[in-house]
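Visitor: Would you mind keeping the following structure in view while I ask a few things?
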Amino acid sequence: MADSRIDRLRDNIRSVFLGHSHAVDLLLTALLARGHILIEDVPGVGKTVLARALARSIDCRFTRIQLTPDLLPSDVLGVSIYNNTTQNFDFKPGPIFANIVLADEINRTTPRTQSALLEAMAEATVSVDNKTLPLSQPFMLVATQNPFEFEGTYFLPENQLDRFLLRINVGYPDRQAEHQIITTQPGQLPLTNLQPVLNAQEVIELQQQASQVRMDRAIIDYILDVVDATRHDEQLHLGVSPRGALALTQASQAAALVQGRDYVIPDDVKQLVVPVCAHRVISKTYLHDGDVHATARVLKQIMEQLATPA
């Protein structure tokens, strides 16, 4: 079931993003699963380049929001301005009204502004002036944050973290890739010249394909075993919710399609348990989202103990 459109999209992104290819596959997985992604890593590893490369590879509207402590919800959603000519208020849409939205340094803005993104992430709608406005499809939020910078930052609440399908790290590139980055000069990478290889309608078609990827009953039981194990593990204060189980299912289907299959295998689930679930569970020893590595270790232990379906 290999779809050449996915290969074109992947190759286009990798032509300018020289980091780990696994990060590109996870980004495509989130896109095809109709999910949002939180990229958490140190500055300078290509988080913004990765998001921009995806946006430029699709012929759709892209906006970037630089989130700061003084940003207001209206700066994200939009504002109504009085029109002297018509004597009515005209709504001026904010940057959230796009197909792919890059929310840079999401943990640097206040919880009030963070919460302005919740409805858009959950329902693909925005409520302003007692009206509910739909967002164009496809809609995807790509958020970034630096996990080691705490001054002037705010923790993302659990309900907002739960809206991200995946939470990933880009990681440092290998030596060969970093050599290429140095020799080609990062500032000269042809990101601005990157041409789209898909349109919005093709992305929607691929999303529909992902939702139709077959899952054997044994795979479904495997996901339910994983979820149940998190709810009874003594190291976890909070296990994976039903929404988390659904997210793991949808992400596994999308990952299979990214790999050119129309069916899910156990490895799809295994590789996604940490990026899908680590930010949805809470460790008993660390009750906020800063220690995602601790929950990742617990999830890896759980996966080692569970029997893999044949």
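Readers should treat all values here as calculations from the given coordinates under stated rules, not as data from a laboratory. Just so you know, these numbers come straight off a predicted model, no measurement behind them. Counting neighbours? That spans all protein chains shown, and the Cβs are built from the backbone with ideal geometry, glycine included.
Visitor: Rounded to the nearest 5, what % of DSSP beta bridges with both residues in the chain are antiparallel?
Guide: Counting DSSP beta bridges with both partners in the chain, the antiparallel share is about 40 percent.
Visitor: If you take the charge dipole of the chain about its Cα centre, with +1 on Lys and Arg Cβ and -1 on Asp and Glu Cβ, which of Val197, Val226, Gly19 is farthest toward its positive end?
Guide: So the residue furthest toward the plus end is Val197.
Visitor: Can you tell me which of Arg261, Arg61, Arg217 moves the most in a GNM of the chain? Springs connect C-alpha atoms under 10 Å apart.
Guide: In the Gaussian network model the winner is Arg217.
Visitor: Taking springs between alpha-carbon atoms closer than 10 angstrom, which of Ala218, Ala254, Ala294 fluctuates most in the Gaussian network model of the chain?
Guide: Largest GNM mean-square fluctuation: Ala218.
Visitor: Compute, for the stretch 228-273, the length of the dipole vector about the Cα centre, with Cβ point charges of +1 (Lys, Arg) and -1 (Asp, Glu) only. Units Debye, rounded to 20.
Guide: Using only the charged Cβ atoms, the result is roughly 140 debye.
Visitor: Now for a separate question. Tell me which label goes with the value of volume of the Cα convex hull per residue in Å³ computed from the coordinates here: (1) 136; (2) 153; (3) 169.
Guide: So the structure-derived entry is (2).
Visitor: If amide H atoms are built 1.01 Å from N in the plane of the peptide, which residues on other chains or at least 5 residues away come under 5 Å of the amide H of Gly78?
Guide: Gly94
Visitor: When the helices in the chain are scored as -39500 (n - 2.57) per DSSP H run of 4 or longer and the sum is shared across all residues, what 222 nm value do you end up with, to the nearest 500 deg cm²/dmol?
Guide: That comes out to -13000 deg cm²/dmol.
Visitor: I need the peptides 79-89, 14-24 ranked by packing, meaning the mean over residues of other C-beta atoms within 10 angstrom, with the highest value on top.
Guide: Answer by packing, highest mean first, reads 14-24, 79-89.
Visitor: Also, quick follow-up: Using Cα positions and a limit of under 19 Å, work out the aspartates and glutamates in reach of Lys92, with same-chain residues fewer than 8 apart set aside.
Guide: Partners found: Asp75, Glu119, Asp129.
Visitor: Here's another thing I want to ask about it. Nothing charged except the Cβ atoms of Lys and Arg (+1) and of Asp and Glu (-1): what's the magnitude of the dipole of the chain about its Cα centre? Round to the nearest 20 debye.
Guide: Numbers: 27 positive and 35 negative charges, 79 e Å.
Rounded to the nearest 20 debye, it is 380 debye.
Visitor: Right, here's the next one. From the residues Ala98, Ala251, Leu32, which one has its Cα farthest along the dipole of the chain in the positive direction, the dipole being from +1 and -1 charges on Cβ of Lys/Arg and Asp/Glu about the Cα centre?
Guide: Value computed over the given set: Ala98.
Visitor: What does the C-alpha gyration tensor say about the overall shape of the stretch 212-310? Classify as rounded when a/c is under 1.5, otherwise prolate if a/b is larger than b/c, or oblate. It would help to have the intermediate numbers written out before the result.
Guide: On the way: a/c = 2.22, a/b = 1.82, b/c = 1.22.
In terms of gyration-tensor shape, prolate.
Visitor: Can you tell me which of 121-129, 38-46 comes out highest on packing, and rank the rest after it, using the mean Cβ neighbours within 10 Å?
Guide: 38-46, 121-129
Visitor: I need the phi-derived Karplus couplings for the stretch 174-184: 6.51 cos²θ - 1.76 cosθ + 1.60, θ = phi - 60°, integer Hz, Gly and Pro marked x.
Guide: Rounded to whole hertz, the list is 6, 4, 5, 5, 5, 4, 5, 4, 5, 6, 8.
Visitor: Between Thr132 and Gln212, how high is the FRET efficiency from 1/(1 + (r/R0)^6) when r is the Cβ-Cβ distance and R₀ = 41 Å? Nearest 0.05.
Guide: It comes out at approximately 0.90.
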